[in-house]
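Below is one structure, written out as structure tokens; the observations come after it.
The values are calculated or read from the model by the stated rules, or taken from the named source; none is laboratory data. Being a predicted model, the structure only gives us computed values, none of them experimental. Cβ placement follows ideal geometry from the backbone for every residue including glycine, while neighbour counts extend to all protein chains displayed. Areas reflect the complete protein model, heavy atoms only, side chains present, ligands, DNA and RNA absent. Shrake-Rupley method; radii C 1.70, N 1.55, O 1.52, S 1.80 Å.
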Amino acid sequence: DPGIRIRAAEVLDAMGAADFAATLVRSLEKESDPKVIRAGLRVLGSRPRPEAIPFALERLRSPDGETERLAAGVIASVAIEGALDPEAREQVRRRFAEDRGSIDSRDEATLAVLLADQPDQEIGLLDDPEESVRRGAAEAYRTLGLRDLLLSMARNPTVARVAIQAWATTDEPVGAQNVRALLELRPDPTGPEAEVDVATWRSAMVRILQAM
């Protein structure tokens with residue numbers, strides 16, 4: 001029963017079973033039910049699992065869009081940690097080079113930015129019609145520490161929100177430049193999500209001022 005197999009994988013993951021990822025991958029390689037494969041990829045992508053990369057790379061070319069997006073999530077979770085080996089990086093680059101239209105989800109956009117040869121090579125994704133793509137790209141640029149780029153490209157609320165997070169971090173020395181950036185990123189008080197956006201911005205500003 002597919003439902004039982006999916007639930008078993010989730011329980012084993014929650015228990016932190018030893019060699020869980022490798023065991024799940026071996027099971028999925030024999031699986032024919034798309035729902036079970038998608039559920040397995042969803043579990044594998046919940047945290048960085050380098051041992052799942054070969055399986056995910058094969059599904060990155062799946063004709064099923066949801067399977068492809070979930071496979072990208074597995075790979076992105078490892079790439080964000082800087083643990084993706086050169087061969088895997090090249091395979092992902094080739095996949096996106098062959099079909100730019102395949103970048104239509106948050107994780108795929110994250111991967112495209114993280115694996116680009118030049119930081120601004122995928123800057124166009126910050127203006128993509130899909131909100132999830134804009135968010136994935138913006139979060140990747142934040143991971144890369146490119147907050148100036150985010151500030152300059154904050155032409156839509158999605159990118160602006162991530163830029164605010166980037167400039168509000170206190171993990172490194174803060175100063176007047178943080179305040180200037182946040183002032184520039186002040187959200188429109190009449191926007192559709194103004195209440196949340198303004199509250200988040202105020203919290204970010206207070207955090208920076210307290211850290212100065």
Computed accessible area, Arg155, all protein chains, 1.4 angstrom probe, square angstrom
150
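Can you send over the carbon and sulfur percentage of the accessible area for the chain, probe radius 1.4 Å, protein chains only? Let's see the in-between values first.
On the way: 5660 of 11300 Å².
The value for the chain is 50 percent carbon and sulfur by accessible area.
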Net charge contributed by nearby residues that have their C-beta within less than 11 Å of Asp197 (K/R +1, D/E -1)
0
Order of exposure, largest accessible area first, which applies to Thr143, Thr190, Thr110 with probe 1.4 Å
Thr190, Thr143, Thr110
Work through the residues other than Arg69 whose Cβ is under 12 Å from its Cβ and net out their charges, Lys, Arg +1 and Asp, Glu -1.
-3
For the chain, modelled as a GNM with alpha-carbon contacts under 10 angstrom, which of Ala137, Ala168, Ala72 fluctuates the most?
Ala168
Computed for the chain: size of charge dipole around the Cα centre, +1 on C-beta of each Lys and Arg, -1 on C-beta of each Asp and Glu, debye to nearest 20, value 360
Rolling a 1.4 angstrom probe over the protein chains, ignoring ligands and nucleic acids, what is the accessible area of Glu68 in square angstrom, nearest 10?
20
Compute the separation of the alpha-carbon centres of segment 114-138 and segment 158-189 and state it in Å as a whole number.
19
Choose one of Val198, Pro157, Leu114: the residue whose Cα lies farthest towards the positive end of the charge dipole of segment 78-212 (beta-carbon charges +1 Lys, Arg; -1 Asp, Glu; about the Cα centre).
Val198
Just to compare against my own numbers: the Cα pair-distance distribution for segment 123-200, 10 Å bins, whole % per bin, please.
20, 52, 27, 1
Counting alpha carbon pairs within less than 8 Å and at least 6 residues apart, what relative contact order, in whole percent, applies to segment 34-149?
20
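Net charge near Asp148: determine it from the other residues with C-beta under 12 Å of the C-beta of Asp148, scoring Lys and Arg +1 and Asp and Glu -1.
+1
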Helix 2-15 against the longest principal axis of the chain: what's the angle in degrees, Cα atoms only, rounded to the nearest 10?
60
Computed E for Ser203/Gln121 - FRET, C-beta separation, R0 45 angstrom, nearest 0.05:
0.85
By how many degrees, between 0 and 90 and to the nearest 10, does the Cα long axis of helix 65-79 differ from the longest principal axis of the chain?
70
Using Cα atoms only, what is the angle between the long axis of helix 131-143 and the major principal axis of the chain, expressed in degrees (0 to 90) to the nearest 10?
80
Heavy-atom accessible area per residue, segment 63-212, 1.4 Å probe: how many Å²?
52
In the full protein assembly as shown, how much of Lys35 is accessible to a 1.4 Å probe, in Å² to the nearest 10?
130
Over 28 Å apart: what share of the alpha carbon pairs of the chain falls there, rounded to a whole percent?
39
